[in-house]
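Structure in structure tokens, see below.
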Amino acid sequence: MTKREREVTDLNEILKILDKCKILHLGLVDGDEPYVVPMNYGYTLDDGKMTIYLHGALKGYKLDLMRANPKVFFEMECEVEHFEGSVACQYGTSYSSVMGRGRAEIIEDVNEKKSGLSIFMKTQTGDDFEFNDKMVSAVSVIRIDVSEFTAKHRPMPARITGEHS
């Protein structure tokens, strides 16, 4: 990370970012080319270990890519707000973001799929849902075991907000 002053290391602050963001951009390997798809997600973060859950159709290009190469990269951002300046170099964007890498696995176990979907819905809605066998048989559930991640926050400049340090 180049701009260390923007790095977020406090896990409680990272949790806030993960809860605010609702869409991640999933990077997959397509032969020797990148392939990126936006997706909703659910997550757990226990003892610094992040696991991400995704769901989708039972068949499709991204599943084929994951089977061929399970290495993935993800990025999510929220609280995105552009700001202006009096000169070009003062323009910019405030944001919070999380990015990382890991390995994707398409879950086959029905109970693990139910758990993953419950985590997904809790992240997306804040509510608890239960799933029956018929429901989980209609979708694929993907688990990403995250091997590393970083978080960043770039606040709105004080000259814009009126705050002074």
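Name the most mobile residue of LYS16, LYS71, LYS122, meaning the one with the largest mean-square fluctuation, in a Gaussian network model of the chain with Cα contacts below 10 Å.
Top of the fluctuation ranking is LYS16.
Under the classification rounded if a/c is under 1.5, otherwise prolate if a/b is larger than b/c and oblate if not, where does region 80-165 fall, given a ≥ b ≥ c as square roots of the Cα gyration tensor eigenvalues? List each step's numbers first, then the result.
Details: a/c = 3.93, a/b = 2.68, b/c = 1.47.
Prolate, because a/c is 1.5 or more and a/b exceeds b/c.
Using a Gaussian network model on the chain with a 10 Å cutoff between Cα atoms, which of LEU117, LEU11, LEU54 fluctuates the most?
Per the Cα network of the chain with a 10 Å cutoff, LEU11 tops the list.
Oh, and also: Find how many whole Å separate the alpha carbon centroid of region 72-117 from the alpha carbon centroid of region 3-49.
4 Å
Further question: Search the structure for amide H atoms under 5 Å from the amide H of ASN69, placed 1.01 Å from N in the peptide plane, and list their residues when 5 or more places away or on another chain.
Those qualifying (amide H under 5 Å, at least 5 residues apart or on another chain) number zero.
Inverting the mean 1/r over all pairs of different Cα atoms, compute the Kirkwood radius of region 1-71 and quote it in Å.
Values: mean 1/r = 0.0699 Å⁻¹.
In region 1-71 this quantity evaluates to 14.3 Å.
At a Förster distance of 22 Å, what's the computed FRET efficiency of GLU130 paired with VAL37, Cβ-Cβ distance as r, to 0.05?
On the way: r = 28 Å, r/R0 = 1.26.
Between GLU130 and VAL37 the formula returns 0.20.
Please return the longest stretch of the chain lacking exposed loop sites, where GluC sites (Glu not before Pro) count only if DSSP places them in a loop and at most 12 other Cβ atoms lie within 10 Å. Don't skip to the end; give the middle numbers.
On the way: sites that count: GLU84, GLU108, GLU130, GLU163.
Looking at the chain, 1-83 is the longest stretch - no exposed GluC sites (Glu not before Pro) with at most 12 other Cβ atoms within 10 Å.
May I pose another question? Which of (i) 1.09; (ii) 1.04; (iii) 1.50 is the computed Rg/Rh (Cα atoms, Kirkwood Rh) for the structure on display?
The value computed from this structure is option (ii).
For region 4-154, calculate the relative contact order in percent as a whole number, restricting contacts to Cα pairs under 8 Å that are 6 or more residues apart. Mind showing how you got there, number by number?
Values: 298 pairs, mean separation 46.6, N = 151.
Once divided by the residue count of region 4-154, the mean separation gives 31 percent.
Short version: ³J(HN,Hα) in whole Hz for each residue of region 52-69, in order, from phi by Karplus 6.51 cos²θ - 1.76 cosθ + 1.60 (θ = phi - 60°), x for Gly and Pro, what are they?
After applying 6.51 cos²θ - 1.76 cosθ + 1.60, I find 10, 10, 10, 9, x, 5, 6, 10, x, 4, 5, 5, 4, 5, 5, 5, 6, 8 Hz.
Further question on the same structure: Give me, ordered by chain and number, the residues 5 or more places off VAL36 or on other chains with an amide H under 5 Å from its own placed amide H.
Excluding prolines and chain starts, which carry no amide H, the hits are LEU28.
The numbers here are math on the coordinates, done by the rules we state, and not lab data. Only a predicted model underlies this, so the values are computations on that prediction, with no experimental measurement involved. No Cβ is skipped: glycine too gets one built from the backbone with ideal geometry, and neighbour counts run over all protein chains shown.
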